[in-house]
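Just so you know, all these numbers are worked out from the coordinates, no wet-lab data involved. Since the model is a prediction, treat every value here as computed from it, not as a measurement. Cβ atoms come from the backbone with ideal geometry, glycine included; neighbour counts cover every protein chain shown.
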Amino acid sequence: MNKLAGLVRRDFEDESVLVSGLPGYARRDEQILLADEIAEAFEKRGLLLAEAETGTGKTLAYLIPALRSSDKVLISTHTRSLQDQLVHRDLPAVQKALGASRRVALLKGRSNYLCPQRLKRSLTSAQPEIWQQKSLLKVQKWSDSSRDGDLSGLDFDVFAKGIGAMVTATADQCLGSRCGDFENCPLMKARQKAQSADIVVTNHSLLLADAALKSGEYGEILPGFDAYVLDEAHALPELACQHFGVQLTRLTLITWLNDVQSLLDEMGDEPVLKKELVEIGRELLDAWQKGAMEEVENHWGDMLKRVDARRERSEELARVADRAEQIAADIAMVREPGEGYVGWSDGEPDNRRYVVAPVETGPVLKQHLWDRPAAFVLLSATLRVSGSFDYSKQRLGFEDAVESFHPSPFDYGRQAMIYLPRTLPDPRSEQGISAMTDEMETLIRASHGRAFVLFTSWQALTQIGPELARRLPWNVLIQGESGSRDAILETFRSDTHSVLCGTRSFWEGVDVPGEALSLVIIDKMPFAPPNDPLLKARIKRCEELGGSGFRDIQLPEAIATLRQGAGRLIRSVHDRGVMALLDSRLYVKGYGREVARNLPPAPIRDDLSEVRWFFEAAE
Ligand code: SF4
């Protein structure tokens, strides 16, 4: 046993410290085993891929090695709820219980911090509308008293108010050490704190944005670390598609045009250039509206040439020229995605978005992250498909990792039941929707509300959610109608019999222990839409290599999502509940057995009266 593993083992063996310092602490053998493995990965600078099912206590299993180690450690999460829980609850409590004194810092993405430079420029520019001006003044007033410039301290959301881009700086807008506000910059202060911290907590988006930038020319956001703990690691491949690709919108172009105009206004001696840029900009936006990307590319090239010729005039103009170059490269990539990338566009002309993404995320993650000389521990409650890590390893590019699996301590046989009806019509048919609504109503009446209804599409949510609200006597909260995600969850937790209807964002990262969540209904198998361009490209590539798109991609993806959704039900040893999957195709399709094997190990029933008895037995 190595030195760190010895220290960690001693903390778990000498339980008195954990019992007295952490309310509710109870010894869990799987947690101790996982902590050992994590300590070993830290010491060996190894790669560990660990599935720790709900209830294992994986957070404590990595916090103790992180607090006992002398390494500089990064902890990254996918959801904000887990990040908040770590920073505000778990880390301070465990640190105190152990008597450890590691310096901890939270680092969020750039768009979470006020940029004083852009706020000033926005306030003095002639462009803001009156309503924007009012909000900008509020931000200015708030900034005088804010300690850290974290925009979550404001009582409104700057992006929802339409001034987000006016008070924050993107990586390519930031002037860095050449900025006049550098000393007072909230982002720079947060970064300095992270530089000197022993443990930094952040999110996957920031980590991946940083990894993508390090391959570019704008420098790094995060310092280097000896060990990386990435919780909720199942989310990494999808995020990697966003961060290692290109997303181009009209707003990208307009923001650059506005920035260059403000700069020329400040310089005051380039009226001809300003006039030319206005004219080319107008033609550029017309071409965008028509979707004529070749014209867009030509007009952008014209502007770039003009600004580039003046880059010696000032640092700021050079910076703007650099950004124009980057955007030119993005436009070129949209026109011709390189080998291994796929491109598409979505949305109406005004809001059209062009996307380019890597078809396979494994190679880019390996190149930008796992090849670093550091330990990487990737954890999640759902990484295996049919008992194998192969699919996750391939998606993550984490082929050389040590695998470990830690089963849930919950007694699913006693605590839970799975309801799979046999006779419902195909969920995609017209009768399917009506039969599904009736079935959901019956189930929710049996559980007296207290239900999560997870939909695979917005269309099903908007068809069925309001109908349930009309029929049921309890408060039915509907995503998109009943407030923000956080507000909906708060109401759901406090109103025991309420019902929550939501789509993908409620399938994971939601923890509602206790009787408020006693029934999880999933409308159908969560297969990704077959017309998704990225999925199509992945399937094509897989089939070219001799695989099966359905067996090797669509099914494992759907099973992983299903496992996330099913995982919302039992969150503690005291919970009891039913998971209903209203998709009778499972009885007739070849994949049915495999799906059933991936569900929690609870008895599977097809009779509604058994569901009623299950709930009646608890009354
Ligand atoms: S350093 Fe960058 S983020 Fe900070 S105030 Fe200056 S431009 Fe804004």
Segment 462-572, relative contact order in percent, only Cα pairs under 8 angstrom and at least six apart counted | 25
Over the chain, relative contact order from alpha-carbon pairs under 8 Å, at least 6 apart, % | 16
Cross-link reach from K141 to lysines, straight Cα distance under 18 Å and at least 8 residues apart if same chain, gives K120, K161
Can you tell me the Rg and the Dmax, both Å, for the Cα atoms in segment 249-355?
-> 14.2, 46
Of L534, S548, S482, which is farthest along the charge dipole of segment 471-554 in the positive direction, counting Lys and Arg as +1 and Asp and Glu as -1 at C-beta?
-> S548
In Å and whole numbers, how far do the C-alpha atoms of segment 327-452 stretch along each principal axis, longest first?
-> 57, 47, 24
Dividing the surface of the Cα convex hull of the chain by four yields a projected area in nm² of 29.7
Considering every pair of different Cα atoms, what Kirkwood radius, in Å, is found for segment 490-619?
-> 16.6
In nanometres, what is the gap between the two model label sites at S196 and N2, each 7 Å from Cα along Cα-to-Cβ?
-> 2.9
Given the peptides 439-446, 333-340, 34-41, 344-351, arrange them by the average over their residues of other C-beta atoms within 10 Å, most packed first.
-> 34-41, 439-446, 333-340, 344-351
With only Lys, Arg, Asp and Glu charged, each at its Cβ (+1 for the first two, -1 for the last two), find how big the charge dipole of the chain is about the Cα centre; round to the nearest 20 debye.
-> 780
Assuming R0 = 30 Å, what is the FRET efficiency of S145 and R80, from their Cβ-Cβ distance, to the nearest 0.05?
-> 0.80
Theoretical FRET efficiency, 1/(1+(r/R0)^6), r = Cβ-Cβ of K134 and V402, R0 51 Å, to 0.05 = 0.35
What is the distance, in nm, between label points placed 7 Å from the Cα along the Cα-to-Cβ direction at R352 and at T249?
-> 1.6
State the extension gain, in nm to one decimal, for the chain segment bounded by V573 and K44, taking 0.36 nm per residue of separation less the distance between their alpha-carbons.
-> 187.0 nm
In nm, what is the difference between 0.36 nm times the number of residues separating L22 and D265 and their Cα-Cα distance?
-> 81.6 nm
In this structure, the FRET efficiency calculated for S386 and S314 from their beta-carbon separation, with R0 = 56 Å, to the nearest 0.05, is 0.40
Of W300, W613, how do they rank once you tally other Cβ atoms within 10 Å and put the fewest first?
-> W613, W300
Cross-link reach list, lysines versus K72, counting only Cα pairs under 22 Å and skipping chain neighbours closer than eight places | K3, K44, K58, K96, K108, K189, K193, K214, K366
Of L317, P358, W344, whose Cα points farthest to the positive end of the dipole of segment 306-358 (charges on the beta-carbon: +1 Lys, Arg; -1 Asp, Glu; origin at the Cα centre)?
-> L317
Karplus-derived 3J(HN,Hα) from phi for segment 388-401 (6.51 cos²θ - 1.76 cosθ + 1.60, θ = phi - 60°), whole Hz, x at Gly and Pro, runs 10, 8, 3, 5, 5, 4, 5, 5, 8, x, 10, 4, 8, 6
Could you line up V588, V229 from fewest to most neighbouring Cβ atoms inside 10 Å?
-> V588, V229
